[in-house]
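These notes are about the structure you will find just below.
Read-outs: derived from the displayed coordinates by stated rules, not from any lab. Quick caveat, the model's predicted, so the values are computed rather than measured. With ideal geometry, Cβ positions are generated from the backbone for all residues, glycine too; neighbour counts draw on all protein chains shown.
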Amino acid sequence: MFVRPCWKPWDTEAAYELVATNPWALLVHNGAEGPLATNLPLMLDRSRGPLGVLVGHIARANDHARALAAATGPVLAVFEGPVSFVSASWYPNRDMPGTYYYTAVHFYGHVRIQPDAEVEAALGALNDRMEGTVPNGWKMDEIPHSEVTRRLPAIVGFEIEVERMEAKFKLGQDEPRKDALAVAERLAAATDSGSRALAELVRRANTGRPSEEAP
């Protein structure tokens, strides 16, 4: 991923926060017949490994599952945060081309297939994470345990110990500060939560820059 120095996040925690807030990922690796890619949720366990461990599962019927079990090289997990097209008309002087503002984090590492004993615990942690923000969210103990275990053979659980992380927060830092902050005002006025969240990131990345000139 091409990352100019000015597009790096202000700290590593900002990248981890993006992943925690946006756990929907694209998992990619090279199979024997070419690239394989699957969209799925991945949870990051910060308590393990120098950079954390990603935990997920995939349908056993998916060809990607069999390829993961045989993988010897690294895989890539792509996370995306808020993104928006930025119209040239949003800039005060209307003298900048249209572009995109966005955030993304790439994790690289090797896959370990989980033994059956670990898969159920990982599913429970994922359920608690996703249902925790839902009012009166569902809990796995609401159904008989046998209803959980009978489904386990249909999935393959896996872990990826993160060996390298790249993060890109392209939020107007390479443009005059007044232009980036003008874009933030436009995004903040939008009705969707993603644009408003992006506006806050743009302000955080650009407020306090030492001059009106792009770096």
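For the chain, leaving out every one of the chymotrypsin sites (Phe, Trp or Tyr not before Pro) that falls in a DSSP loop and has at most 14 other Cβ atoms within 10 Å, the longest unbroken run is 11-137. Only Cα pairs under 8 Å and 6+ residues apart enter the sum, and on that basis the relative contact order of the chain stands at 24 percent.
Between Thr21 and Glu80, full extension at 0.36 nm per residue minus the direct alpha carbon distance yields a gain of 20.3 nm.
What shape does segment 15-87 have by the C-alpha gyration tensor, where a ≥ b ≥ c are the square roots of the eigenvalues, rounded means a/c under 1.5, and otherwise prolate means a/b greater than b/c and oblate the rest? Judged from the Cα gyration tensor, segment 15-87 comes out oblate (a/c at least 1.5, b/c at or above a/b). Restricting attention to the chain, lysine pairs at least eight places apart or on different chains and with alpha-carbon atoms under 24 angstrom apart total 5. Principal-axis analysis of the Cα atoms of the chain puts helix 12-21 at an angle of about 60° to the longest axis. Taking the C-alpha atoms only, the angle from helix 177-188 to the longest principal axis of the chain is near 50 degrees.
Looking at Asn206, Val83, Leu40, which one has the Cα that reaches farthest to the positive end of the dipole of the chain (charges on Cβ: Lys, Arg +1; Asp, Glu -1)? So the residue furthest toward the plus end is Asn206.
What is the sum of charges, Lys and Arg at +1 and Asp and Glu at -1, for the other residues whose Cβ falls under 14 Å from the Cβ of Phe85? Computed value for this residue: +1.
Over all projection directions, the Cα-based convex hull of the chain averages an area of 14.5 nm².
Here r is the Cβ-Cβ distance between Phe2 and Ser193 and R0 is 30 Å; the resulting FRET efficiency, rounded to 0.05, is 0.60. What is the angle, in °, between the Cα long axis of helix 116-131 and the longest principal axis of the Cα atoms in the chain? Nearest 10 is fine, range 0 to 90. Helix 116-131 sits at roughly 40 degrees to that axis.
Given a Förster distance of 22 angstrom, what is the FRET efficiency for Ala117 paired with Asp63, based on the Cβ-Cβ distance and rounded to 0.05? About 0.30, to the nearest 0.05. Under a 5 Å amide H cut-off, with hydrogens placed 1.01 Å from N, Ala190 pairs with nothing among residues at least 5 apart or on other chains. Computed about its Cα centre, the charge dipole of segment 5-174 is approximately 300 debye, with only Lys, Arg, Asp and Glu carrying charge at their Cβ. Could you tell me which of rounded, prolate or oblate describes segment 145-197, using a ≥ b ≥ c as the square roots of the eigenvalues of the alpha-carbon gyration tensor, with rounded for a/c under 1.5 and, failing that, prolate when a/b is larger than b/c and oblate otherwise? Oblate, because a/c is 1.5 or more while a/b does not exceed b/c. When the trypsin sites (Lys or Arg not before Pro) in segment 113-166 are filtered for DSSP coil states and for at most 10 other beta-carbon atoms within 10 Å of their beta-carbon, the remaining sites are Arg150.
The GluC sites (Glu not before Pro) found in segment 10-106 that occupy coil by DSSP, while having at most 11 further C-beta atoms within 10 Å, are Glu33.
Classification of segment 71-148 by its C-alpha gyration tensor yields an oblate form. The axis ratio a/c (a ≥ b ≥ c) is 1.5 or more, and b/c is at least a/b.
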